[in-house]
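The values are calculated or read from the model by the stated rules, or taken from the named source; none is laboratory data. All of these numbers come straight from a predicted model, not from anything done at the bench. Virtual Cβ from ideal backbone geometry, glycine too; neighbours counted across all protein chains shown.
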Amino acid sequence: MASHVVVIGSGLGGLSAAAVARARGHRVTLLERNPWLGGKAAVLDLPTPMGNFRFDMGPTILTVPRVLRRIFAEAGRALDQHVPILKLEPQWRCFFEDGTRADLMGELDAMLAEIERVAPGRKLGEGYQRFQKVARHLHDVSEKFFFWRPVEGIADTMNVADNFKPEVLKDVMALRMGQSAAGVIRKHVPDANLAQMLDHYMQYVGSNPYAAPAVLCAIGDMQSAEGVWYPKGGTRAVAEGLAKLAGELGAELRTNAEVTGLDIRDGVVRGVLLADGERIACDAVISNMDSIRTYTELVGGRVGDAYAHKGFEAACSGVVLYLALNKRYEHLAHHDFVFSRDPEEEFDAIYKRGEPAPDPTAYLAATSFSDPTAAPEGAEALYVLVHTPWLRPHHDWKRMLPAYRQVILDKLKRTAGLTDIEDRIIAEAHLTPQDIHERYKVLNGAIYGLASHGTFTGAFKPGNRSRDIRGLYLCGGAAHPGPGMPMVMMSGWIAADALDQDLGGRGMDEAARIAGSRETALG
Ligand SMILES: Cc1cc2nc3c(=O)[nH]c(=O)nc-3n(C[C@H](O)[C@H](O)[C@H](O)COP(=O)(O)OP(=O)(O)OC[C@H]3O[C@@H](n4cnc5c(N)ncnc54)[C@H](O)[C@@H]3O)c2cc1C
């Protein structure tokens, strides 16, 4: 039965949900408070006398593209014709404080050769392969129990009748509950630099590897087995492709439309209320607004209070410098990490003390490596991201930014060899935790939704089908299965699929099932 669905927010999660719900035949109205569609996947142009410099403002690393493939396949379309993507190798180039440089390679033999080059004779390649085996198993278990379904807690992951089957218990044991991701990494790869490199998979979800559950090591397999990808024209192409898909399918996409409340009667959603006083009646709502803020600000009452007190913590925030440079640094790869001198000091500052790290890790996107359209010839649109704590009341980033910008530039000079970077900047712009908080209406400036902290249940987030309000569904980085491009797009798919099932819709067809499956991706 076709129903009217309102999607609140046009992040990658909201756009995915809108496209899938519409592809399944539901009438869709998407409401976005900003003047652009795509949420954090926004674009910035810096015009200069040399020419234009184009920056992706938010996400730059695309992994697990089969999620996007499934969303396009829901509408009978092939991803590659609508959003062409390019595989990147090396996946990351890493710069360490002791002068070591190492490339993270997707291809196993190349990675083993790289490990042997940076740490000869220590048989660390064997440990890396053991880590990857664990990561693969954790990914298998995640695919079986966590992914593609609306999970809120451990009970949702399993069929009760199956709980005591030996193979299920084996899978639960494999999750290594009680162990941290950093612990698993160091057990198999006892080398300070290589462990620091692998720790940074956990930065994809804005969490402390020392507090994140071991299951997040699955990201290591997602990336090595399925690759790191660059959408032609920048990551923004993903948001544009999804918006075009949803629009062509017939979804109504409205910008400058802020939802300020839900019309809930007898525990059932009946409509949404907009800031300008408009009320839109609907049969279901998919909220891509931060899940905790959805419950506390749009639902409110007893349910809102309960979510406010469940103990969820915002993931980290960040500072981004968008630097138009009149030079390309040939020694940078597309994605680069310039690592802190001491990961424990860094993570302690960001995640425990709640202060910017004194010597941070900087992530760089030097997009000209693979895309000549990002900057004028011989120049670079250099994107520099440093993770910071979520926004505390005493953090005044207008005051803090100039000094922290200098800390970051000094770090790039010292550890990545960008010695003349300050002389090369011809234009620049910045994004601070305060900007992130205001632009994207998130929880305390969080980049990646909710932190995955807690070695037993840290992976669980508010579920995609509300347990409290009938007709309310959630997607985005603060909902299951979590943040990062593939996961938020999966969360949009899950929310639309759950809604479609609840409303008696047609369900997923075989072509979409195949397009999103791991077996297909691995060939
Ligand atoms: C600097 C930065 C770097 C990142 N790097 C990466 C990366 O390399 N790889 C990766 O995978 N991920 C990365 N991420 C994370 C990734 O961008 C996010 O996980 C993802 O884009 C978030 O999508 P979302 O669906 O949660 O929605 P969001 O992008 O958070 O968008 C939510 C939208 O909802 C709108 N909204 C909120 N409330 C309302 C309301 N009441 N009414 C109407 N509209 C509303 C907001 O305006 C916003 O447009 C990065 C993020 C940032 C900021």
Query raised in the report: How many residues are more than 6 Å from the ligand (Cβ to nearest atom), buried (at least 24 other Cβ atoms within 10 Å of the Cβ) and assigned to a strand (DSSP E or B) when one looks only at the range 29-43?
Result: 1
Report summary line: Expected output for the range 510-521 (first residue more than 16 Å from residue 486 (Cα to Cα), partner assigned to a helix (DSSP H, G or I) and modelled with pLDDT under 95, Cβ below 7 Å, 6+ apart or cross-chain) is 514/520
Query raised in the report: In the range 1-28, how many residues are of a type in the set (Ser, Thr, Tyr) and buried (at least 24 other Cβ atoms within 10 Å of the Cβ)?
Result: 2
Query - In the range 476-506, the residues that are closer than 17 Å to residue 28 by Cβ, modelled with pLDDT of 95 or more and not acidic (Asp, Glu) - result: 476, 489, 491, 492, 493, 494, 495, 496, 498, 499, 501
Query raised in the report: Does residue 372 meet the test of being without any contact (Cβ under 8 Å) to a residue 12 or more places away in the chain and in a loop (DSSP other than H, G, I, E, B)?
Result: yes
Query raised in the report: Based on what the data block shows, is residue 51 under 25 Å from residue 488 (Cα atoms) and out of contact with any Phe, Trp or Tyr (no Cβ under 7 Å at 6 or more places or on another chain)?
Result: no
Query raised in the report: Can you name the residue in the range 245-273 that is within 14 Å of the ligand (Cβ to nearest atom) and aliphatic (A, V, I, L, M) and, of all such residues, is farthest from the chain's Cα centre (by Cα)?
Result: 273
**Report entry** Selection from the range 1-28 of residues that are away from the ligand (no atom under 13 Å from the Cβ) and either more than 25 Å from residue 82 (Cα to Cα) or in a strand (DSSP E or B) (or both)
**Finding:** 1, 2, 3, 4, 5, 27, 28
Query raised in the report: Among the residues of the range 274-298, how many are crowded, with 24+ Cβ neighbours inside 10 Å, away from the ligand (no atom under 11 Å from the Cβ) and in a helix (DSSP H, G or I)?
Result: 2
Report summary line: the range 48-151: strands (runs of 3 or more DSSP E) wholly inside it with 1 or more residues that are away from the ligand (no atom under 16 Å from the Cβ) and surrounded by 20 or more Cβ atoms within 10 Å (Cβ to Cβ) are 51-56, 92-95, 101-104
Query raised in the report: Out of curiosity, is residue 303 at pLDDT 95 or above and more than 17 Å from residue 290 (Cα to Cα)?
Result: no
Report summary line: When the range 445-472 is checked residue by residue, the ones that are within 13 Å of the ligand (Cβ to nearest atom) and over 15 Å from the mean Cα position of the chain (by Cα) are 462, 464
Query raised in the report: All but one of (1) free of Cβ contacts under 8 Å to residues at least 40 places away in the same chain; (2) surrounded by fewer than 20 Cβ atoms within 10 Å (Cβ to Cβ); (3) not polar (S, T, N, Q) hold for residue 250; which doesn't?
Result: (1)
Query raised in the report: Are any of the residues in the range 353-365 over 23 Å from the mean Cα position of the chain (by Cα), surrounded by fewer than 24 Cβ atoms within 10 Å (Cβ to Cβ) and not in a loop (DSSP other than H, G, I, E, B)?
Result: yes
Query raised in the report: With (1) touching a helix residue (DSSP H, G or I) at 6+ places or on another chain (Cβ under 8 Å); (2) surrounded by fewer than 23 Cβ atoms within 10 Å (Cβ to Cβ); (3) touching a residue at least 40 places away in the same chain (Cβ under 8 Å); (4) within 26 Å of residue 432 (Cβ to Cβ) as the list, and residue 264 as the residue in question, which single condition is left unmet?
Result: (4)
